[in-house]
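Undergrad: Here's a structure for you.
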Amino acid sequence: MAEVKKYTMAEVAQNKGKNGPLWIVYKDGVYDLTKYTAEHPGGVDSIVDEAGTDATKAFDESAHTPDAKVIMAKYKIGELVEEEKRYDANGKKKKKVVQAAPEGSSRSCMSVITCGLVG
Ligand code: HEM
């Protein structure tokens, strides 16, 4: 089986369609819409506005029927690299990994407040 090509968001961002390829990301998939944009029933601008970015939200919030996803599938060129994926194997959005606050940060915050009150 052919290997799935992997891209980073930085690479996607370089394909904004200005005199060149137009890529977007939809749920971790990378799509080359260069040849599709002109025939998009929702207009050229709606896709150009999302060029080089993650268009998942814009796509899902627009008036799309299931047909749109069938068309989209034809333009898939790869996926985001594992580290940049935002959806799990079931297509559910992964939980954000919240970085633990550095130790003592709450205390220094408290002292700022206290100093503010005292001084
Ligand atoms: C990713 C590839 C995309 C494909 C293949 C696609 C395909 C389609 C298709 C086939 C329709 C006609 C209705 C339907 O059958 O669903 C449509 C309509 C529409 N699309 Fe897209 N679309 C894409 C991306 C986007 C994006 C990124 C936006 C951003 C806002 C967008 C906005 C719209 C809107 C607003 C309509 C409704 C047009 C109307 O008023 O009838 N589409 N699209």
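Undergrad: For K76, project a label point 7 Å along Cα to C-beta. Then give me every residue of segment 38-66 with its amide nitrogen under 18 Å of that point.
TA: Output list for this probe position: 54-57, 59-60, 65-66.
Undergrad: Oh, and also: May I ask what percent, to the nearest 5, of DSSP beta bridges between residues of segment 1-87 are antiparallel? Walk me through the numbers before you get to the answer.
TA: On the way: 8 of 11 bridges.
Around 75 percent of the beta bridges assigned by DSSP in segment 1-87 are antiparallel ones.
Undergrad: Sequence neighbours fewer than 8 away in the same chain don't count; with that in mind, list the lysines whose C-alpha is under 25 Å from K92.
TA: K92 reaches K5, K6, K27, K57, K69, K74, K76.
Undergrad: Using a 1.4 Å probe over the heavy atoms of the protein chains, calculate the carbon and sulfur portion of the accessible area of segment 1-87 as a whole percent.
TA: Whole-percent figure for carbon plus sulfur exposure: 54.
The values are calculated or read from the model by the stated rules, or taken from the named source; none is laboratory data. Everything quoted here is computed from the prediction, not taken from an experiment. Using ideal geometry, Cβ is built from the backbone for each residue, glycine included, and neighbour counts are taken over all protein chains shown. Please note that ligands, DNA and RNA were not included when accessible areas were found on the heavy atoms of the full protein model with its side chains. Shrake-Rupley method; radii C 1.70, N 1.55, O 1.52, S 1.80 Å.
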